[in-house]
Amino acid sequence: MITLEYKGVSETLQQEWLQILRDNTDVLERAQAGEQKYADSLGWLDTDEWADEAYVRRIEEIAAEVRANASAFVLIGVGGSNNAARSVIEALRKDGETEIIYAGNTLSPNALNRMLASLEGKDFYIDCIAKNFETLEPGSSFRILRRALKKRYGSDYAKHVICTGTKGSSLEAICDAHGYTFLEFPLNIGGRYTAISNVGLLPMACAGIDIREVVRGARTMQEFLRTAPAENNTAYCYAALRNLYYRHGWKIEMLSSFEPQFRNFYYWWTQLFAESEGKDGKGIFPVTGEFTEQLHSIGQYIQDGENMIFETFLNVEAQQDTLVIEKDEVEDFFDYLTGKDFYDINKAAYEATLQAHSTKFPCNVITIGALDAYHFGELFWFFQFACYLSCGIMGVDPFDQPGVEAYKVRMFEALGK
Ligand code: PA5
């Protein structure tokens, strides 16, 4: 189960945090029950609504077909239609599994040409994931990938097309008209909250990830967080800490870890908080730190620059790999490392960083048991619920994103839509 600790928080701030926890129990209780006013966006609150046995079995069937007939699967999607699956796949994929290729997340011709070139000579399926199928990136990639499929399979290409769209959407109509496989995108969940549904789970299953474990992790977290009282509700405590720091001028949250396997998870987490919380002139700006590498770049600013960042470390309890540094005959002045495991060296770097950073600003530590499918499920549900609560405490709508329309209106006008 996920645990939460904090460091570098003065006694006075701790008292204020306890007050925030007391003052906002109604926010927690409403979220645990699921608020009527957000009924259109809370389909993720009960994992079984979109990831029960029947959904999981159907996903596994489609994934088995993909894995039997192709060596590559193209995930066409952007933002919430891409980030969750990519987090897990890129962290846990094993050699020899179906290759997952990403499209629909860029308009760069260079990137798209490279993506198409990487499919040359391969058998592949595509899955176009889009909530209302108006987004430019997936729509345009879907076109060029249908063409690539037709080139490879001729009139049989339709068997290789899957679309994940909402019921009644134009994407469903396209599937009906052209014989593509249609999977349902939950109508009552916004993209960034769809990890545990057809949206996130099909690409994961195609990559050989045990999606039952992802769902089990999410469900376990849900059962705990929807019943746990304020004082030991880790998501609520974290949400209250974020708001405490924000009120004291730490307006940027850096999610850091010493495990590069989290690289794509950072994208998911950044989107979740930025799109959910950044509105009405409010919000904590989410950034991420991949350590130890970025300690050699942004580390300087974090320690010595303007004091506006607080940090949340993602920590993994179980040791998953080992690599010991052997004695060496070259006098390289690194003998102090002889016999040490990189696991312990990395841990020493983490502990030193936590100590150093928490002398300057507050640091949270979120610890998961292991870096595996189950714990990714826990992380998705934990952060989604924490984000919902944090927005509640801050007083913003967690589920809309009116700000992203501003550039789209101008872009569509320029493109003559
Ligand atoms: O969270 C959201 O709703 C958005 O970030 C969407 O996921 C993103 O814009 C993609 O939208 P769509 O699936 O409609 O293409």
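Each value in this text was obtained by applying a stated rule to the coordinates, not by laboratory testing. Predicted, not measured: the structure shown is a model, and the values here were computed from it. Cβ sites come from the backbone with ideal geometry, for glycine too, and all protein chains shown count toward neighbours.
Below, the figures for the structure above:
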{"quantity": "Reachable aspartates and glutamates, given that their alpha-carbon falls under 19 Å from the alpha-carbon of residue 167 and they are not under 8 places away in the same chain", "calculated": "40, 48, 49, 52, 127, 134, 176, 184"}
{"quantity": "Two-site FRET efficiency, residue 280 against residue 1, from Cβ-Cβ distance with R₀ of 45 Å, rounded to 0.05", "calculated": "0.85"}
{"quantity": "Share of pairwise Cα separations in region 305-391, more than 19 Å, in percent", "calculated": "59 percent"}
{"quantity": "Centroid-to-centroid separation of region 1-73 and region 340-417 [C-alpha atoms, Å]", "calculated": "13 Å"}
{"quantity": "Dipole axis of the chain (+1 Lys, Arg; -1 Asp, Glu on Cβ), positive-most option in 142, 323, 238", "calculated": "142"}
{"quantity": "Binned Cα-Cα distance frequencies in region 47-209 - 5 Å width, integer %", "calculated": "2, 9, 20, 24, 23, 15, 5, 1, 0"}
{"quantity": "Approximate spin-label separation residue 57-residue 232, in nm, with each point projected 7 Å along Cα-to-Cβ", "calculated": "3.7 nm"}
{"quantity": "Most to least packed among 312-324, 123-135 [average Cβ atoms within 10 Å]", "calculated": "123-135, 312-324"}
{"quantity": "C-alpha long axis of helix 136-153 to longest principal axis of the chain, angle in °", "calculated": "50 degrees"}
{"quantity": "Antiparallel DSSP beta bridges within the chain, percent to nearest 5", "calculated": "15 percent"}
{"quantity": "Additional length obtainable on full extension of the chain from residue 132 to residue 144, 0.36 nm per residue less Cα span", "calculated": "2.4 nm"}
{"quantity": "Radius, Kirkwood style, for region 186-345 when every pair of distinct Cα atoms is counted (Å)", "calculated": "19.1 Å"}
{"quantity": "Per-residue [θ]222 nm for the chain (sum of -39500 (n - 2.57) over DSSP H runs n ≥ 4, rounded to 500)", "calculated": "-15000 deg cm²/dmol"}
{"quantity": "Computed label-point distance, nm, for sites residue 114 and residue 251 using a 7 Å Cα→Cβ extension", "calculated": "3.5 nm"}
{"quantity": "Paramagnetic label zone (point 7 Å from Cα along Cα-to-C-beta, residue 346; backbone N under 14 Å) in region 282-305", "calculated": "290-294"}
{"quantity": "Residue-by-residue Karplus 3J(HN,Hα) for region 160-172, coefficients 6.51, -1.76, 1.60, Hz, glycine and proline x", "calculated": "9, 10, 10, 10, 10, x, 6, 4, x, 7, 5, 5, 5"}
{"quantity": "Bins of 10 Å, starting at 0 and running to the largest distance - Cα pair percent for the chain", "calculated": "4, 21, 30, 25, 15, 5, 1, 0"}
